[in-house]
Amino acid sequence: MQRGVDQTDEQELDQARPGGGQQGHWVLASLGKRVLRPGGRELTEAMLAAAEPAGRRVVELAPGIGVTAARLLDLQPAGYQAVERDAQAADTVRAVIGSRGQVHLGSAEQTGLPEASADLVVGEAMLTMQPERGKREILAEVRRVLEPGGRYAIHELGLRPDELDEQVKEDIRKDLARAIKVNARPLTLAEWRQLFDEGGYDVEWSQTTEMALLEPRRMLADEGVVGLVRILVNLLRRPEARRRVLGMRRTFAAHRQELCAVALVVRRRP
């Protein structure tokens, strides 16, 4: 059974990352939000369907609280390994997957995994948080870990349209940094495609959707009635977290026309 962040996990996450400087995704996780990806559960499902993890050796980068990890294991891969930088998050994922996989402490840039040891690498809401150099370093490490012809599936924050003005992009990045306390650098779909092309990958599939992470309809679809009520109760009890969430929601709404969620499945060139 898929396990989310229970009450104990929420308290531990909150205590480990206190204060108004807490990164946005940890604020949401501490409130009980389990789906933390920009396109929600629906885009993750579409990405996994295109990536075809069944029977493949799967590596997940930065699995967070383990929601996608549990879903991947439901799809019966040949093996599952996760690489997580945060020790507490790694423990949370270990509790989710039990004996069905392994979780390693490491970074997406230096996983410590053997060369050509995976058929599929999955990463969500992680590349967006990297500068251009960091993105390229991660793509190089994924290429090293993948078998030739292996796939890399991502679910990230995007910008639109492809012709978006550079100054507008920079303004959005600054607003996001203030709201979520992370230097997020989303790309347009064309820029994501170019990044992978230059990194030695061919794009096989892509899809975009609305970035509606904190909109009521998306939250209900992602969290269910019980989950949504839990989040709302926690928001009422915690004024500082409520202030942060409302600030994030205002920022997302202000850039609703330019922000989107994007998923791609790419194949490593020989």
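The values are calculated or read from the model by the stated rules, or taken from the named source; none is laboratory data. Predicted model, so just to flag it, every value in this text is computed and none were measured. We place every Cβ from the backbone using ideal geometry, glycine too, and count neighbours over all the protein chains shown.
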* Every residue from the stretch 65-94 that is free of Cβ contacts under 8 Å to residues at least 60 places away in the same chain, in contact with a helix residue (DSSP H, G or I) (Cβ under 7 Å, 6 or more places away or on another chain) and either in a strand (DSSP E or B) or over 21 Å from M47 (Cβ atoms) (or both) -> Y80, A82, E84
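When only residues in the stretch 30-67 that are among the basic types (K, R) and under 22 Å from T92 (Cβ atoms) count, which is surrounded by the most Cβ atoms within 10 Å (Cβ to Cβ)?
Looking at residues that are among the basic types (K, R) and under 22 Å from T92 (Cβ atoms), I get K33.
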* Structure fact -> By residue number, the members of the stretch 164-174 that are over 17 Å from A261 (Cα atoms) and not hydrophobic (A, V, I, L, M, F, W, C) are D165, E166, Q167, E170, D171, K174
* Do we find that A118 is buried (at least 23 other Cβ atoms within 10 Å of the Cβ) and free of Cβ contacts under 8 Å to residues at least 24 places away in the same chain in this structure? -> no
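Is it fair to say V168 is crowded, with 22+ Cβ neighbours inside 10 Å and not in a loop (DSSP other than H, G, I, E, B)?
Working: crowded, with 22+ Cβ neighbours inside 10 Å: no; not in a loop (DSSP other than H, G, I, E, B): yes.
Spelling it out, it is not the case that V168 is crowded, with 22+ Cβ neighbours inside 10 Å and not in a loop (DSSP other than H, G, I, E, B).
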* **Count of residues meeting criterion [at pLDDT 95 or above and in a loop (DSSP other than H, G, I, E, B)] in the stretch 44-64** => 7
* To do: For V83, indicate whether it is in contact with a Leu (Cβ under 6 Å, 6 or more places away or on another chain) and at pLDDT 95 or above.
  => yes
* So, in the stretch 211-270, of the ones that are among the hydrophobic types (A, V, I, L, M, F, W, C), free of Cβ contacts under 8 Å to residues at least 12 places away in the same chain and more than 29 Å from R160 (Cβ to Cβ), which residue ends up surrounded by the most Cβ atoms within 10 Å (Cβ to Cβ)? -> L232
* Asked: buried (at least 21 other Cβ atoms within 10 Å of the Cβ), within 26 Å of S30 (Cα to Cα) and out of contact with any Asp or Glu (no Cβ under 7 Å at 6 or more places or on another chain), is that true of G106?
  -> no
* Is there any pair with a first residue in the stretch 37-48 that is more than 18 Å from A62 (Cβ to Cβ) and a second that is in a helix (DSSP H, G or I) whose Cβ atoms are under 8 Å apart and which are 6 or more apart or on different chains, and what are they? -> E42/A221; E45/R71
